[in-house]
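To keep things clear, I will list the structure first and then write my remarks on it.
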Amino acid sequence: MYTHLTINHQPAHGAAIPLHRKVFIMASHALAEKFENEFSTGESFADLFESSASSEISEGSVTRGAIVGIEKDIVLIDVGLKSEGRIPQKEFARNGVVPELAIGDEYDVYVERFEDRNGEVVLSREKALREESWIKLEELWKKGERVEGVIFSRVKGGFTVDIQGAVAFLPGSQVDIRPIKDVNPLMNVPQPFQILKMDRKRGNIVVSRRAVMEESRVEARNELLDNITQGQVLEGIVKNITDYGAFIDMGGVDGLLHVTDISWKRINHPSEVFTVGDNIKVVVTKFDEKTKRISLGMKQLESNPWEGISSQFTVGTRFAGKITNITDYGAFVELKDGIEGLVHVSEMSWTKKSAHPSKIVNVGDEVEVIVLDVEPEKHRISLGMKQCADNPWAAFAAAHPEGTIVSGQVRNITDFGLFVGLENDIDGLVHHSDISWTEAGEDAIKAFKKGDEVKAKVLVVDIDKERVSLGIKQLEDAPEGAIKTSSAASANAGASSDAMGDYKKNQVVTCTVSATQKDGIEVKFGTDGEHVSFIKRADLSRDRQEQRPERFAVGDRIDAKIISADKKSGRISLSIKAYEMDEHKRAIEEYGSSDSGASLGAILGAALEEAGAPKAAKKEPAAKKAPAVKKAPAKKAAKKDAE
């Protein structure tokens, strides 16, 4: 290591060396020789320098080091430099788990710098692993091959993945084909990934799990479509939910599960049964090979509860059930598991006709119903609630026969009359024509307001139609010259078939005008005028311009035709218009043609002159005339002659 020490003390040219100088030079030579003999190793300095240079560690290289100390979460590594390096324990983690570290364990580390501002060596275990696996990953990336990794933590925008010691970034959009709410089942589980991007300068690796799943999805789709058959049971994931059903992902293939095929029960929306992401079992109900559309069902996996339903729910049988759903038109009642029936709003209450079903029952209410109709093929059962209670209309009819006087408050006023509240929530109608004997109905109704207490006489109780007709004016006898129009007399006044006498439809009768109103006239007919009828404005004349009630006066005698005669109600409807049309037709057939342009008056006038009768002679009532003989049509006559 040391060379021969030479001390040169040569004096300047021509100068003499002093004695003390000579003594010092001799002592120096002796000391140098002694030092060389005692400390020399026999190695030259050049050889030592070359050896040191060959074993030197450079920055940016990977070297082997040993653990010489552990301080909390810091590991001290000696790589043979002037100081130890400090590496965080988390850099030794594999798949998110830090192994047990002990003094003396050796690891490959990456030398970043020989010294930092504190004079310490900067080492990295993470970069050493990345450097080690980087070359392998680049080769796999270029070949497009998959790599195996483990998701071990969550970061902003995605997750970190350990791939063969290198840390890669997994974006949230590349985790799965569809959004995943819970990623915990995917954490710390080895699974394949596809490398999307590698940047060696920045040390970034981006991977995708979705790309791997899409490749597998295509393979699974083709295999499923090749082997799918109707009736096949499959497992799938709820992909999307709509108002009409749910789309189920069966591994690359989507099928529609219609809302009517989810359950035998009535379901308003698929979200009542499952949510997006649920795993369910379905059966293939239909498969279209051309369009590749798949229809699915869930309820088909269960037995059909509607089989043999007719024997279980016979008409007229009472059952207890629970209200499961309420609509505008009624309420659904669950009779047994999977079996529901509909109670229409009209079958809920005897008296609450216009009330919304939600005002009568609530979801979850226990109710008693009676079976009205069963349609097994349509999976329908019609139920009734009001039939389980006594009919208040029948009870009212029994307690209040016709002619009974009742009282109540005016609940509602309409253009055609007053509604009076009676017992058991029953309303009776006082038609405006039954309010006063002396005033027109439109005027008489103005004297009343809601809440007024009134008395009335029961005119008609129709149990089937659930109607009660009342009359206020019938509380008194009709005065002389009173308006005797009555809704009960002209409609359901209780007149029997005997009261109709021998009057029949299409018969012509002579009537006497007893009253005129805005919308028609009231007439009486019969031997003693015992029959009363009302002729509407539209039936007053064949000519529209003559359909005016004011052209008639009380006491006028007119002819009219019976257009309807109801024996059950005793109602007889008359029409002057129908009578005039028949007369016109008869005159045309007997005396002229409709093409001649002659009027009915001219035709009848000519006929009377031919008969020698005076024009001003009074015509006999039409009812006493002999029936006219009708001629057969020309075509029929020709046919008869041919025969």
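Taken one residue at a time, the phi angles of region 338-346 give Karplus couplings (6.51, -1.76, 1.60, θ = phi - 60°) of x, 10, 10, x, 9, 9, 5, 4, 6 Hz. Gly and Pro are set to x.
Take residue 539: with every protein chain present and a 1.4 Å probe, its accessible area is about 40 Å².
Work out how much length residue 138 to residue 391 would gain on full extension: take 0.36 nm times their residue separation and subtract the Cα-Cα distance, in nm to one decimal.
Stretched out fully, the residue 138 to residue 391 stretch lengthens by 82.2 nm.
Fully extending the segment from residue 378 to residue 353 would add 6.3 nm, taking 0.36 nm per residue of separation and subtracting the current Cα-Cα distance. As a calculated quantity, the FRET efficiency between residue 584 and residue 503 at R0 = 22 Å, using C-beta atoms, amounts to about 0.40. Among the protein heavy atoms, those of residue 197 account for about 120 Å² of accessible surface (1.4 Å probe, every chain in place).
Here each label is just a point 7 Å from Cα along the line to Cβ, and for residue 404 and residue 453 those points are 2.0 nm apart. Under 5 Å from the amide H of residue 459 lie the amide H atoms of 403, 469, 470, 471, each residue being 5 or more positions distant or on a separate chain, with H modelled from the backbone and absent for Pro and chain starts.
Peptides 225-231, 399-405 ranked from most to least packed by the mean count of surrounding Cβ atoms within 10 Å: 399-405, 225-231. Placing 334, 340, 442 in order of accessible area, with the largest value first and a 1.4 Å probe, yields 442, 334, 340.
Annotation for residue 184 and residue 154: the two label points, set 7 Å from Cα along the Cα-Cβ direction, are 1.0 nm apart. If R0 is 56 Å, the Cβ-Cβ spacing of residue 278 and residue 415 corresponds to a FRET efficiency of close to 0.45. For region 526-541, backbone phi angles converted through the Karplus equation (6.51, -1.76, 1.60; θ = phi - 60°) give residue-by-residue couplings of x, 4, 10, x, 7, 9, 10, 9, 10, 9, 5, 4, 5, 9, 7, 6 Hz, Gly and Pro being listed as x. Simple spin-label estimate for residue 218 and residue 115 gives 5.9 nm between the two label positions (7 Å along the Cα-to-Cβ direction from each Cα). Put simply, the amide H of residue 574, placed in the peptide plane, has neighbours under 5 Å in 534, 563, leaving out anything fewer than 5 places away on its chain. Taking amide H atoms as placed 1.01 Å from N in the peptide plane, the amide H of residue 340 lies under 5 Å from those of 335, each 5 or more residues away in sequence or on another chain. Using a probe of 1.4 Å on the protein chains alone, the accessible area found for residue 439 is around 90 Å².
Computed from backbone phi with θ = phi - 60° and the Karplus coefficients 6.51, -1.76 and 1.60, the 3J(HN,Hα) list for region 275-291 is 10, 4, x, 5, 8, 10, 10, 9, 10, 6, 8, 7, 9, 9, 5, 6, 8 Hz; x is used for glycine and proline.
Taking 0.36 nm per residue of separation and subtracting the Cα-Cα distance, full extension of the segment from residue 68 to residue 464 would add 132.1 nm.
The values are calculated or read from the model by the stated rules, or taken from the named source; none is laboratory data. Please read these numbers as outputs of a predicted model, since none were measured by experiment. Methodologically, a virtual Cβ is constructed for each residue, glycine included, from the backbone with ideal geometry; neighbour enumeration extends over all protein chains shown. Areas reflect the complete protein model, heavy atoms only, side chains present, ligands, DNA and RNA absent. Shrake-Rupley method; radii C 1.70, N 1.55, O 1.52, S 1.80 Å.
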